[in-house]
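S.K.: Quick one: the structure is below, and I'll ask about it shortly.
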Amino acid sequence: MNKLTAKQEKFVLNVVSGMSQRAAYRDAYPNSKMKDSVVDVKASELLKSGKVKVRYDELMQEARKDSIWTLEKSVDSLYFMMEQAKEDILSQGVRQANSNAFIASVKELNTLMNIYEQSKLQNEYLKAKLELLKSDNDDLGLLKELMRITMED
């Protein structure tokens, strides 16, 4: 693929670094005397153009890899805290500090891993299944279809 021009590269680097598209465009093309509305259109079109978009995606992927904090690091840290609290509970007995640390870690892990939402969906499914079984119109075909759809998720 063709390389970007120096101005295109500067524009992409500016956008990735957090500048607005307008500011990034004005910085990369300092001699342009266009109105803001025109710059906005030009910047948007530039970012969507093939090779510029590819470069932007590459840099954003690198930025995500190099990010200081990730979901994996969050989970690892919370799991570590949970295990430390658990070990302390086993060796020292239940105390307010270690039990609070354990419970807070478990709650936060559940939130990060979306456990509460999954549980809510499972409960809704089970209620719907129960209602269907209770109904006079015991439609096993509908039940099978509901179960098939749920299993796909």
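S.K.: Looking at the stretch 100-131, which of its residues are loosely packed, with under 12 Cβ neighbours inside 10 Å and more than 14 Å from V75 (Cβ to Cβ)?
M.R.: Those that are loosely packed, with under 12 Cβ neighbours inside 10 Å and more than 14 Å from V75 (Cβ to Cβ): N100, Y116, E117, S119, K120, Q122, N123, E124, L126, K127, L130, E131.
S.K.: Oh, and also: Pick out, from the stretch 13-95, the helices (runs of 4 or more DSSP H) lying fully within it that include 3 or more residues that are open to solvent by less than 90 Å² (accessible area, probe 1.4 Å), of a type outside the set (A, V, I, L, M) and touching a Leu at 6+ places or on another chain (Cβ under 9 Å).
M.R.: The qualifying helices (runs of 4 or more DSSP H) are 50-65.
S.K.: Another question about this same structure. Of D66, D27, which residue is of a type in the set (D, E) and within 30 Å of S105 (Cβ to Cβ)?
M.R.: D66
S.K.: Taking the stretch 54-70 as the search range and keeping residues that are farther than 14 Å from F11 by Cβ and of a type in the set (S, T, Y), which one is modelled with the highest pLDDT?
M.R.: T70
S.K.: Which residue out of M60, M81 is of a type in the set (A, V, I, L, M, F, W, C) and more than 27 Å from S17 (Cα to Cα)?
M.R.: M81
S.K.: Out of K120, K73, which single residue is within 26 Å of R148 (Cα to Cα), of a type outside the set (G, A, S) and out of contact with any strand residue (DSSP E or B) (no Cβ under 7 Å at 6 or more places or on another chain)?
M.R.: Being within 26 Å of R148 (Cα to Cα), of a type outside the set (G, A, S) and out of contact with any strand residue (DSSP E or B) (no Cβ under 7 Å at 6 or more places or on another chain) holds for just one of K120, K73, which is K120.
S.K.: Checking the condition at pLDDT 85 or above and either of a type in the set (A, V, I, L, M, F, W, C) or not in a loop (DSSP other than H, G, I, E, B) (or both), which residue from L109, L121 passes?
M.R.: Being at pLDDT 85 or above and either of a type in the set (A, V, I, L, M, F, W, C) or not in a loop (DSSP other than H, G, I, E, B) (or both) holds for just one of L109, L121, which is L109.
The values are calculated or read from the model by the stated rules, or taken from the named source; none is laboratory data. Just so you know, these numbers come straight off a predicted model, no measurement behind them. No Cβ is skipped: glycine too gets one built from the backbone with ideal geometry, and neighbour counts run over all protein chains shown. Accessible surface areas use protein heavy atoms only, side chains included; no ligands, DNA or RNA. Shrake-Rupley method; radii C 1.70, N 1.55, O 1.52, S 1.80 Å.
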